[in-house]
Amino acid sequence: MRTNVLPVADNPSAASQPAFDVADLLVAYLEQLGIEYVFGVPGGAIEPLYNALARSERRGGIRHILARHEAGAAYMADGYARETGKIGVCCATSGPGATNLITAVAGAYDNNIPMLVVTGQPALPAFGKHALQESACTGVNVLSMFRHCTRYNSLLSHPKQLESKLNAALQAATRAPRGPVHLSVPVDVFRSPSDHLQPAYDLRKLLAPSSLIDDDAIAALRERLAHARKVVLVIGGLCGEGIGSILQFAQLTGATFVTTPDGKGLVSPHHPLFRGVFGFGGHASAEAALRDEAVDLILAVGASLGEWNSGGWSDSLMNERLVHIDESEEHFALTPMARMHIRGRLLSIFNRLVELHETGGEAHPPLRLAATQPLTPDAMVAEPDKAASDALPFKPQRLMRELGRLFPPTTRYLADTGNSVSWSTHYLHPQDRRVAERRVSDTERKPDLGRRKTAGGWLRVTMNFAPMGWAIGGAIGTAAAYPDGPVVCITGDGSMLMNGQEISVAVAEQLTVIFVVLNDGALGMVRHGQRLAKAEQIGCVLPPTDFAMLARALGAEGHTIRSADDLAALDIDAMLARKGPTLLDVIVDPEEVPPMNVRMRVLAQNP
């Protein structure tokens, strides 16, 4: 990861820079925050920002990564944000450049990904004159379009607005509920001279998270815990920062836990208290853990509880046994039946619970639940025989098992929308058997309770809005932020035909990304969904495509995989040592139905 980002004010070469304008000031603030990459596609209306980025790069600062499509740029910013915990930044020119971003920005919005989106505009005096690609209120109003998929959305009409609006935007991006924010900047405002040559504010301090804890709610929760017979935790995808303390709490109390699909990557599937994934692509063992009549308390933590991560709003979770713990009150709207709602920073809440667990005194004796037997990943999956099958065509269940074995424990996996996320959620289990992590603070040289380097986890998926092709760009953004470890993108042939051109970015940037394409000749989830619903089979078949050849045409390595033996024959060490992407075109059995019962149940309930 690049660490030589220098704010303008701290750089001795700054005095030799050209005139310092508003675009330079924006870049200086991004440098202040330690942002290493901006992802985008240039154009005339945003040219001043690109000039400022070029000046930053020359002095060892921010690098721009050129996407092939603006949606790809936003997906890359999404992946970068998940990996680093920083704000992902993407930019595009006015008009179609801005509108091309919207689907990816909406995905980030529905998944609480902090992102700064910067788009250009023609000069202010040209508004209303049909300027080229005008997207202000007098043209194709892009600001209106972004209003519904951002946490903050504004046009800069004066250079003096930059700092106040940037501050407001980034506060909105990083405060719960997190999400993307949008600033639209006319080209003449970007070119305006700045009043000062360095940021006037320290955004690092302004954006530092506050350790919110509701002491009364903690006391009430401990009272309930003290009288609980059996407790299950539901760990959601927003638990990344505090997962160490959450798992420590589970181990201290003996509470078993399940995860939502987007929370799976935060835990080891080999943890003795893990009972599987609940929700889309999940495990019967997780459903059984929640339906157990002996369970009298369910703690849902950092889970937004939409369709996919609540089991289609299943009554096994959404009932009066529930206590919902989250940073965002917005998420509580889906759980009015819950016994309690506790709002605050998850890291702080579980640090406090862990501390109080051992010092609670007689009023709140430590919770000591009965020991439970571990459940192995092989015992969780629906069809373990197919995960071990040598049959041809290649079983996707077996592919997932082999991917977990082939790549090292440090691998980041991103699973795309469609069959890819379903198979990965259910069957992908890496061989890393560490069940907890204790990180050491560089300043204190002692365990930093509950913290980890990345909030993303080993498996990253996208819930709710769920655009196809997200993982392709997301993997590139992840690899840019994580150059020391492998990144594996699990995607489908339909997603690859939508966004596969972004492989060219990984080639240009020499990023070690392994693209695994589940090639079944169809939009697989659509086809299986139509069959299961006894609907017409229409609009789901794709022509035969040689994705390995396509990868080679783009400058990547490409291999066609038809069996587990083909996978075993690959030189994985050489693949991971190579500076550049590799694509595995895996011909999978098109008749294997992915675990998608949650989706089918919801569709059947809402004809």
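Quick look at the values:
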item	result
Index of the failed condition, Gln171 passing every other in (1) modelled with pLDDT of 95 or more; (2) over 29 Å from Ala98 (Cα atoms)	(2)
Residue check for Leu207: of a type outside the set (D, E, K, R) and over 28 Å from His148 (Cβ atoms)	no
Members of the range 140-165 found to be charged (D, E, K, R) and either over 29 Å from Asp202 (Cβ atoms) or not assigned by TED's automatic domain parsing to the domain that holds Ser184 (or both), listed by number	Arg147
Residue among Ile246, Ile218 that alone is in contact with a strand residue (DSSP E or B) (Cβ under 9 Å, 6 or more places away or on another chain) and within 23 Å of Ala294 (Cα to Cα)	Ile246
Of all residues making up the range 420-459, the number that are at pLDDT below 95 and either more than 20 Å from the chain's Cα centre (by Cα) or polar (S, T, N, Q) (or both)	20
Unmet requirement for Val189, which otherwise passes all of (1) at pLDDT 95 or above; (2) surrounded by fewer than 20 Cβ atoms within 10 Å (Cβ to Cβ)	(2)
Some residue of the range 185-206 being without any contact (Cβ under 8 Å) to a residue 12 or more places away in the chain and more than 24 Å from Ala123 (Cα to Cα)	yes
Single residue of the range 485-505 satisfying the filter (of a type in the set (A, V, I, L, M) and touching a Leu at 6+ places or on another chain (Cβ under 9 Å)) that is surrounded by the fewest Cβ atoms within 10 Å (Cβ to Cβ)	Leu497
Filter result for Arg401 (among the basic types (Lys, Arg), under 30 Å from Met318 (Cα atoms), touching a helix residue (DSSP H, G or I) at 6+ places or on another chain (Cβ under 8 Å) and modelled with pLDDT of 80 or more)	no
Ser389, sole failed condition from (1) of a type in the set (Gly, Ala, Ser); (2) modelled with pLDDT under 95; (3) surrounded by fewer than 18 Cβ atoms within 10 Å (Cβ to Cβ)	(2)
Meets criteria (crowded, with 19+ Cβ neighbours inside 10 Å, among the small types (Gly, Ala, Ser) and in contact (Cβ under 8 Å) with a residue 24 or more places away in the chain) for Ala176	yes
Filter pass, Val516 being assigned to a strand (DSSP E or B) and within 23 Å of the chain's Cα centre (by Cα)	yes
Candidate set: the range 302-341, residues that are of a type in the set (Asp, Glu) and assigned to a loop (DSSP other than H, G, I, E, B); chosen: the one nearest to Leu266 (Cα to Cα)	Glu327
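Let's see how each residue does on (1) crowded, with 24+ Cβ neighbours inside 10 Å; (2) in the same structural domain as Arg175 (by TED's automatic domain parsing); (3) closer than 21 Å to Gln431 by Cα:
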site	(1), (2), (3)
His196	no, yes, no
Tyr201	no, yes, no
Ala228	no, no, no
Gly236	yes, no, no
Ile246	yes, no, no
Thr253	no, no, no
Lys264	yes, no, yes
Pro269	yes, no, yes
Val277	yes, no, yes
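The values are calculated or read from the model by the stated rules, or taken from the named source; none is laboratory data. As the structure is a computational prediction, the values presented were derived from the model and not from experiment. Backbone-built Cβ (ideal geometry, glycine too); neighbour counts: all protein chains shown.
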